[in-house]
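Trainee: Once you've had a glance at the structure underneath, I'll fire off some questions.
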Amino acid sequence: MRRSLLVPLAFAAALALGAGCASMNDDETAGWSAQRLYGEAKDAMASKEWQKAIKYLEKLEARFPYGRYAQQAQLEVAYAHWKEGERASALAAADRFIKLYPNHPNVDYAYYLKGMINFNELSGMLTWLTSPDMTDRDPKATRDAFDAFREVVTRFPESRYAPDSALRMRYLVNALAAYEVHVARYYMKRTAYVAAANRAQYAVEHYPRSPAVEEAFFILIRAYDALGLDDLRDAAERVMRKNFPNSEYYTPGGPQRNAPWWRIWDPNW
């Protein structure tokens, strides 16, 4: 009885071993060194073959988890995922690198890459068609990008990525301020004056140097006036006239907006 059981077990083991050998033989990278895997991945990236590069980099990490090639592979795979349009995987890879190697010489690039991934985030083709303006979108990605760029500028001021990060931060501050004003404008149209005043006040307090602050003050004045808060209205108007003495919002009809080509409805937004 025992002998009859041993024969099929031995046969099954032989099949498993054969299958394992076959899978190894089918893997073109079997026997490749870490240096060759990394080199082939870089060549694939140069050719914009992102999935191929990701495959090589992941094999490199799995087979050679220690050493400089494995560390660099984590950064490269984050970039490859991003270029392939796999934003979540790209962010996860960048975060993992930062967590594992917080003192790595290239950790500044990991933060910069996180900023770029969020900076260029698109919420699908439909969102792009209806609203390519960043100020119309959920600001989470914008705030995440700002935080990542701020890490580069504050922690690594000598980094080669610091100047570009600073420029993008200024743009993002304006985008965040414009978003708050956009929402305040929305609330004003729906006579939600308290909510409009809160949003406009937030923009004034948190983004005082943004160009959107001029309109934020105007919305604040209108909201306070609608609420019958005359003292607050007058105070806001004094500040606005002092800082924007030639504002177009003082002229009849206010500033004339030209609707973007993609916004075919509500030309006054």
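The values are calculated or read from the model by the stated rules, or taken from the named source; none is laboratory data. Predicted model, so just to flag it, every value in this text is computed and none were measured. Neighbour counts are summed over all protein chains in view; Cβ atoms, including those assigned to glycine, are modelled from backbone coordinates with ideal geometry. When the accessible area is computed, the model is the full protein with side chains, heavy atoms only, and any ligands, DNA or RNA have been set aside. Shrake-Rupley method; radii C 1.70, N 1.55, O 1.52, S 1.80 Å.
Trainee: Arrange the peptides 222-232, 192-202 so that the one whose residues have, on average, the most other Cβ atoms within 10 Å appears first.
Mentor: Output ranking for 222-232, 192-202: 192-202, 222-232.
Trainee: In the full protein assembly as shown, how much of residue 54 is accessible to a 1.4 Å probe, in Å² to the nearest 10?
Mentor: Per-residue accessible area (residue 54): approximately 10 Å².
Trainee: So for the pair residue 166, residue 225, with labels modelled 7 Å out along Cα→Cβ, what separation do we get in nm?
Mentor: If labels sit at residue 166 and residue 225, their model points lie 4.1 nm apart.
Trainee: Cα convex hull of the stretch 167-210: how many Å³ per residue?
Mentor: So the per-residue Cα hull volume is 43 Å³.
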